[in-house]
Amino acid sequence: MKKLKACWSVGWRVAVCLLLLLWIFHSIFLQDGRLWAQREGLQWEQLSRGQQWHLAWSKGPQDLWHTIYQVHAGALLTSLLLVGVALWLGVLRWRLVLEAQGLDLSLMRAFRISMVAQFFNSFLLGSTGGDLIKAYYAARVTHHRKTEAVTTVFVDRLIGLWAMLLFAGLMMMPNLSLLMHHGELAAPAVVILAMLVALTLVLGVAFWGGVTKRFPGARHWLRRLPKGELLERSLDSCRQFGKEKAFLAKAVALSLVLNVIWVLQISVLGNGLDLDIPFTALLVIVPIIFCISALPITPNGLGVREQLFVRMLAVIAVPGTAALSLSLLASAEGIFWSLIGGAVYMGLREKEHLSEVTGGSLAENN
């Protein structure tokens, strides 16, 4: 029964991902087909739907490949290196989170485990993912303080997401006119602000509490929940982060720098495709796309991200094929680094006992 539920959970996400990709590809290819018909003197409206679709899928993929093929090698390499820098900054932030909990993990070991986690998050859709691996190793090298280790992984993710939401919110100010005049940007901006408020409340309660002061019996009811003791210990672990003001300042500052790196990556790729995209606009568009595509809708945000790139960049006159090419190239760069993580996994799985966690020993120990 559990396997059936797991297959369903993965299956519907993959199906949504494929449908979104098919939709966005079809929509863009129809636009390319219409433009090709106009150049050839054909009346698009007079063609049957079958003829339109045939023209779209015979000409659209050619235009897409041509656009991707034209990217400048220097820009592609620079953008690829920026992704590596962003991943490295993510490792530094996780180490800050670990240190705030008194967990000791060397920088290089944290980097190796993070790279393996990148591989698992990108390619494996089962119950054992990259976050589980990171939590397992943080516990394994720190006398099996599993609750604190798992907490660091989730707190690291939450701080990263909150900082990206904050960055997007701040960058809305210089782009206020753009947001107000385009519903394609205004609606996602409202979603981002709502997510920022909600996550701020969640982190505030987790780090500084206040619920038990207003409701003295809250802890009693928490213990009665399934895994109640584990939840209470996790909550106490979160309180430690609230006490570390220097940690919060460093983690947020590092996350904001990381956001600038992600924007630079997309900007460099855009320049490599000879696209004239204002950098100021990218400062708000890129974090909005990344935040929304981070929601667990499809594997690794695939499909959702492409749809957002096409719709949001259309506001600043970026053609659909070019926007799709930009998104696909950015995804390909992430996959490249994930493959590096896969190579690390294959090389170190026996030495670092990676087969234990991938074989499910963590679940057994819990």
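The values are calculated or read from the model by the stated rules, or taken from the named source; none is laboratory data. Nothing here was measured: the structure is a model prediction, and the numbers come from that model. All Cβ positions, glycine included, derive from the backbone under ideal geometry; neighbour counts span all protein chains shown. Remember, those area values only see protein heavy atoms, side chains included, never the ligands or the DNA or RNA. Shrake-Rupley method; radii C 1.70, N 1.55, O 1.52, S 1.80 Å.
Between His26 and Leu295, the distance separating the two model label sites (each 7 Å from Cα on the Cα→Cβ line) works out to 2.2 nm.
Between Arg109 and Asp276, what length comes free when the chain is fully extended (0.36 nm per residue of separation minus the Cα-Cα distance, one decimal in nm)?
Extra length available between Arg109 and Asp276 comes to 56.1 nm.
Rolling a 1.4 Å probe over the protein heavy atoms of the range 38-134, with every protein chain left in place, gives an accessible area that is 58 percent carbon and sulfur. In this structure the amide hydrogen of Gln101, modeled in the peptide plane, comes within under 5 Å of no amide hydrogen from residues 5 or more places off or on another chain.
A crude spin-label estimate for the pair Asp131 and His72, with each label 7 Å from Cα along the Cβ direction, gives 3.9 nm. Each residue of the range 67-83 was assigned a 3J(HN,Hα) from its phi angle through the Karplus expression (A = 6.51, B = -1.76, C = 1.60, θ = phi - 60°), giving 5, 5, 5, 7, 4, 6, 4, x, 5, 5, 5, 4, 4, 5, 5, 5, 4 Hz with x at Gly and Pro.
Sorting the segments 158-166, 131-139 by their residues' average number of neighbouring beta-carbon atoms within 10 angstrom, most packed first, yields 131-139, 158-166.
Would you please give the FRET efficiency between Glu99 and Ala332, computed as 1/(1 + (r/R0)^6) with r the Cβ-Cβ distance and R0 = 30 Å, to the nearest 0.05? After rounding to 0.05, the efficiency reads 0.30. The packing ranking of peptides 284-294, 334-344, 312-322, highest mean first, is 284-294, 312-322, 334-344, where packing means the average number of other beta carbon atoms within 10 angstrom of each residue.
Applying a 10 Å radius around every beta-carbon, put 71-83, 263-275 in order of their mean neighbour count, most first.
Details: 71-83: 15.8, 263-275: 20.2.
Descending mean neighbour count gives 263-275, 71-83.
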